[in-house]
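Okay, structure first, notes after.
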Amino acid sequence: MFNAVLVANRGEIAVRVISTLNRLGIPSIAAYSEADRDARHVELADDAVCIGPAPAAESYLDVTAILDAAKQSGADAIHPGYGFLAENAEFGRAVAEAGIAFVGPRPETITAMGSKINARRIMAEAGIATVPGLLEPLDSAEAALAAAVDVGYPVAVKASGAGGGKGFRVARTPDELPAAFEGARGEGERFFGDGTVYLERYLTDPRHVEVQILGDTHGNIVHLYDRDCTIQRRHQKLVEEAPAPTLGCDFREHVCARAVEAARAVGYVGAGTVEGLVAGAGSAEPEFFFLEMNTRIQVEHGITELITGVDIVEQQLRAAAGEPLSVRQRDVRIEGHAIEVRINAENAAKNFLPTGGTITRYEEPTGPGIRVDSGVREGTRIPPFYDSLLAKVLAHGATREEATARLIEALDEFVLEGPKATLLPFQRALLATRAWADGSSAREITSDPAAFMRALTEGDTVRGTPA
């Protein structure tokens, strides 16, 4: 397949990719910054190359440094993980021009899906329903006010090239729209270099449902069914589960078929995710609307692996090597239910404020159906330069209830000491609420985490006690 693969990332995803490379017998090379010299992914890789100083702009986002590291180490492929340069079309193009395989989709696919406006337009032309809204950008707050009359309030104001919860504002009235427009445009320019803004209808309390897609250069495209990622904070995911608990069998097949059509519309190669919103989930007539396509492996890919038995990283490598996928649609079955929680170095009681520190004690939980994807160990110092994700705890069971029980037990067993705060107690408490048991969005919890944590200590019988 490959002689060696450079993993151009850090943390848990770098460890995850190295794990599959080791299983396949492919030498792994860790790219690392000076801040990550003693990181877990560096320790586990067969070789490692320093790519620059601690700031991401001078290391994990430095295309030249990463290409030099690949050439120096003899790697003939680069796996970008997620974040950093994973969805950077110019990086993918530079890798290909250097004669190295990029473990991801074609650069033109990344470009097409990187603009939310362009992605909406492509899907609309392919006959795939999108959230009602505009297919053209807006150049001013005045234009947004005029467009909102037709779209209807509340409206979501989005920067076309943004993601991760940034460049997103909600306006519920015309008075709120100018500030929302400027806020979304400003974040788009500041974080993504693109201040293009558009409007779409803001759906009230939808389910955030996504479908895992795999494609290869031989024209094969398969789906690995769906995930529900509705529980979020600041439009960033906190808890994910597979399959989505509110989709009936027939509607699930409909949603997955639309996702395959979306992937075919752009000739998708590699692992990707079609994200959408489901309105009326659980009703007689639910609707699925295309939201965006993530052209990379997702943080939450592990729960899909647990219910299907498919190693998504392996399929990425096969596709990048020009090999056909080793999985066919007729072979994909859902086995049980899986849930994942993210353990970030954040303080939920202070509105998820990032924290730091050094991990002084670390013991991962074990047991039936439990999986931990982690980028840390005892002694790891949490650098302030990167995302706060430390680990993901996943649980698989025959039913959602069994998976939940196993996950709660695992979180009780997880020992993670040293950082000023982590999301471990928050996630443990959330899984024990009626909101989780009922399958709600838990918006009342994530929108006011401080109140939720106070309710726990005060014995609130609605939100704080077990279901």
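The values are calculated or read from the model by the stated rules, or taken from the named source; none is laboratory data. Just so we're clear, the structure is a prediction, and the values are computed from it rather than from any experiment. Don't worry about glycine lacking a Cβ; one is built from the backbone with ideal geometry, like all the others, and counts go over all protein chains shown.
Within the group L61, L24, which residue is free of Cβ contacts under 8 Å to residues at least 40 places away in the same chain and among the hydrophobic types (A, V, I, L, M, F, W, C)?
Values: L24 fails: free of Cβ contacts under 8 Å to residues at least 40 places away in the same chain.
None of the others qualify; the one that does is L61.
Residue-by-condition table, conditions (1) within 30 Å of T173 (Cβ to Cβ); (2) part of a helix (DSSP H, G or I); (3) outside the structural domain of A48 (by TED's automatic domain parsing); (4) of a type in the set (D, E, K, R):
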| residue | (1), (2), (3), (4) |
| --- | --- |
| A75 | no, no, no, no |
| G83 | no, no, no, no |
| R93 | no, yes, no, yes |
| I110 | no, yes, yes, no |
| G127 | no, no, yes, no |
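In the list A54, A48, which residue meets the criterion of being more than 23 Å from the chain's Cα centre (by Cα) and part of a strand (DSSP E or B)? Write out each step before concluding.
Details: A54 fails: part of a strand (DSSP E or B).
When all the criteria are applied, what remains is A48.
Just a yes or no: is a residue in the range 29-45 farther than 30 Å from L199 by Cα, of a type in the set (F, W, Y), part of a loop (DSSP other than H, G, I, E, B) and at pLDDT 95 or above?
So the first thing to find is which residues in the range 29-45 are farther than 30 Å from L199 by Cα, and the list is 29-45.
Narrowing the set further to residues that are of a type in the set (F, W, Y) leaves 32.
Going one step further and asking which of them are part of a loop (DSSP other than H, G, I, E, B), we end up with none.
No, the range 29-45 has no match at all.
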Check R361, R328 and return the single one that is without any contact (Cβ under 8 Å) to a residue 60 or more places away in the chain and basic (K, R). R361
Within the range 378-401, residues exposed (fewer than 14 other Cβ atoms within 10 Å of the Cβ) and either of a type in the set (K, R) or under 23 Å from Y82 (Cβ atoms) (or both) come out as P384
Quick one: is H208 assigned to a strand (DSSP E or B) and more than 16 Å from the chain's Cα centre (by Cα)? no
Output the qualifying pairs, or none if there are none: Cβ atoms under 8 angstrom, residues six or more apart or on different chains, first residue in the range 259-271 and over 16 Å from E87 (Cβ atoms), second residue in a helix (DSSP H, G or I) and not charged (D, E, K, R). A262/M123; A265/I122; A265/M123; G267/T109
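I'd like the full set of residues that are of a type in the set (G, A, S), modelled with pLDDT under 95 and surrounded by fewer than 17 Cβ atoms within 10 Å (Cβ to Cβ), limited to the range 187-226.
Kept after step one, since they are of a type in the set (G, A, S), are these residues of the range 187-226: 188, 193, 195, 215, 219.
Now narrow it down to the ones that are modelled with pLDDT under 95: 188, 193, 195.
Within the range 187-226, just G193 meets the criteria.
Tell me the residue from D194, D226 that is of a type in the set (D, E) and assigned by TED's automatic domain parsing to the domain that holds K166, please. Lay out the reasoning, then the answer.
On the way: D226 fails: assigned by TED's automatic domain parsing to the domain that holds K166.
Exactly one residue qualifies, and that residue is D194.
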Residue by residue through the range 334-365, note down the ones that are among the β-branched types (V, I, T) and touching a helix residue (DSSP H, G or I) at 6+ places or on another chain (Cβ under 8 Å). I334, I339, V341, I343
Return the total of residues in the range 278-309 being more than 18 Å from R207 (Cβ to Cβ) and polar (S, T, N, Q). 2
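Outside the structural domain of H218 (by TED's automatic domain parsing) and either in contact (Cβ under 8 Å) with a residue 40 or more places away in the chain or surrounded by fewer than 17 Cβ atoms within 10 Å (Cβ to Cβ) (or both): does that describe A98?
Numbers: outside the structural domain of H218 (by TED's automatic domain parsing): yes; either in contact (Cβ under 8 Å) with a residue 40 or more places away in the chain or surrounded by fewer than 17 Cβ atoms within 10 Å (Cβ to Cβ) (or both): yes.
Against the criterion (outside the structural domain of H218 (by TED's automatic domain parsing) and either in contact (Cβ under 8 Å) with a residue 40 or more places away in the chain or surrounded by fewer than 17 Cβ atoms within 10 Å (Cβ to Cβ) (or both)), A98 qualifies.
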Condition first: farther than 20 Å from V266 by Cα, part of a loop (DSSP other than H, G, I, E, B) and not hydroxyl-bearing (S, T, Y). Can you find one or more residues in the range 141-149 that meet it? no
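Looking only at the range 337-370, count every residue that is part of a strand (DSSP E or B) and on the phi > 0 side of the Ramachandran plot and tell me the total. Please lay out each step first, then the result.
The initial filter retains those residues of the range 337-370 that are part of a strand (DSSP E or B), namely 337-344, 346-347, 353-354, 357-358, 361-363, 370.
Still in the running and on the phi > 0 side of the Ramachandran plot: 357.
Counting residues in the range 337-370 that are part of a strand (DSSP E or B) and on the phi > 0 side of the Ramachandran plot gives 1.
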Output the residues belonging to the range 312-331 that are touching a helix residue (DSSP H, G or I) at 6+ places or on another chain (Cβ under 6 Å) and not in a helix (DSSP H, G or I). L325
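For the range 330-364, which residues satisfy the criterion of being basic (K, R) and within 21 Å of the chain's Cα centre (by Cα)? Step through it out loud before you land on a result.
Kept after step one, since they are basic (K, R), are these residues of the range 330-364: 330, 333, 342, 350, 361.
Result: R342, single match.
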Residue check, I334 outside any strand (DSSP E or B), touching a residue at least 24 places away in the same chain (Cβ under 8 Å) and touching a strand residue (DSSP E or B) at 6+ places or on another chain (Cβ under 6 Å): yes
Going through E292, E285, E314 one at a time, which residue ends up being surrounded by fewer than 23 Cβ atoms within 10 Å (Cβ to Cβ), farther than 19 Å from I78 by Cβ and touching a residue at least 24 places away in the same chain (Cβ under 8 Å)? E292
